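One structure is given below, encoded as structure tokens.
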Amino acid sequence: MSASNSESASRAEGLHVRLQQGNVVLGLMLALDVIRELELLNTSLQKRTQTVEGMVSAVSVVQESLRSKRKSDHFEAVFKEAEDMVEKLSLEPIALPRTQRPPKRYSGPAPAHRPASAVEFHRVEFYRVLDKVDTQLTDRFMQPGIDALKELEALLLTPTASNVERDAQRNAEKYPELQWEDLKIQLAMFKNKYNYKTTADAAQLLKAMPVEVRALFAQVETVVRLLMVVPASSAEAERSFSGLRRLKTWLRSTTTQKRVNGMAVCHIHQERLDKLNSKDIAQQYIQGKDRRREIFGSFT
């Protein structure tokens with residue numbers, strides 16, 4: 001392919017040259033050291049059963065783990081692993097990148113700083129990534145709005161003891177939709193009658209109630225609605241849109257709008273789709289035409 005003049009050949013050749021460099025191997029290993037934990041956090045935050053309190057706790061655990069990597073011993077272990085891989089694969093050794101001198105209007109007459117070794121240079125860059133990730137997690141998840149959601153969720157999920165009733169009342173009074181005296185009675189009845197651990201569990205209980213019983217917990221339903229309109233994670237909705245984008249990329253040109261809509265619905269409701277009997281669906285498809293019956297036979 002390298003002898004070809006196509007665009008794909010040029011990209012492949014450039015990628016091959018890059019992957020021969022030890023600096024690229026080290027960069028990938030350092031990035032993987034951070035991304036693996038962020039992927040675990042993403043998986044945790046995308047669960048439907050996630051709570052605001054649990055979300056913040058998971059973020060704190062990941063932050064502590066990433067901060068523990070900001071040590072010379074950890075970096076040198078990853079650097080040694082990368083060096084061993086470079087030597088094993090006979091790649092270009094890890095080296096300092098080419099020095100770029102900043103403009104004099106920024107640095108003045110002082111000489112430009114140059115790291116003494118590749119270890120020193122890459123350690124600084126790795127720490128910079130860790131600091132950036134930590135700052136972004138703090139900015140996104142440690143906000144006043146998150147604290148307000150935690151307080152509202154605590155009304156629903158935390159047992160209301162007498163020593164914290166005053167705090168619960170103060171939290172409830174922040175919302176004009178809530179009447180504390182009614183909410184206090186309804187929460188006591190709801191928590192005594194039903195077992196639930198998340199807002200989603202409480203919502204399912206309310207949906208399954210007869211109208212007359214549900215009317216007894218009008219204030220509890222209001223709390224659930226307030227929490228449900230601000231979900232702990234929007235990843236599920238974002239996944240559905242990205243899935244539709246992927247469908248449009250390579251299927252849309254040969255697929256009707258009706259069929260694209262059907263595939264998008266199947267993608268969004270994967271859990272319900274998994275519960276269907278595939279043999280029944282196949283049998284229904286076969287019975288649509290005689291030609292299909294001749295080709296596929298029967299699934300019963």
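Observations, loosely collected:
- In this structure, Asp73 and Glu37 have a Cβ-Cβ separation that, at R0 = 30 Å, corresponds to a calculated FRET efficiency of about 0.95.
- Sorting 264-277, 115-128 by their mean Cβ neighbour count within 10 Å, with the most densely packed peptide first, gives 115-128, 264-277.
- Taken about its Cα centre, the chain carries a charge dipole of roughly 1120 debye when the Cβ of each Lys and Arg holds +1 and the Cβ of each Asp and Glu holds -1.
- Hydrodynamic radius of the chain by the Kirkwood approach over all distinct alpha-carbon pairs: 25.6 Å.
- Helix 257-268 axis, angle to the chain major axis (alpha carbon atoms, nearest 10°): 90 degrees
- Candidate lysines - alpha carbon under 25 Å from Lys289, same-chain residues fewer than 8 apart omitted: Lys258, Lys279
- Calculated FRET efficiency for the pair Ser298/Val265, C-beta based, R₀ 25 Å, to 0.05: 0.35
- Inter-label distance for Ile185 and Gln136, nm, one decimal - labels placed 7 Å from Cα along Cα-to-Cβ: 5.1 nm
- Additional length obtainable on full extension of the chain from Val229 to Tyr106, 0.36 nm per residue less Cα span: 39.4 nm
- FRET efficiency, 1/(1 + (r/R0)^6) with R0 22 Å, evaluated for Lys88 and Arg18 via beta carbons: 0.75
- Estimated inter-spin distance, Lys275 and Glu120, nm [label 7 Å along Cα→Cβ]: 6.3 nm
- In nm, spacing of pseudo-spin labels at Arg291 and Ala203 (7 Å Cα→C-beta vector): 4.5 nm
Quick note: the coordinates plus some simple rules give every number you see, no bench work behind them. Note that this is a predicted model, so its numbers are computed, not measured. We place every Cβ from the backbone using ideal geometry, glycine too, and count neighbours over all the protein chains shown.
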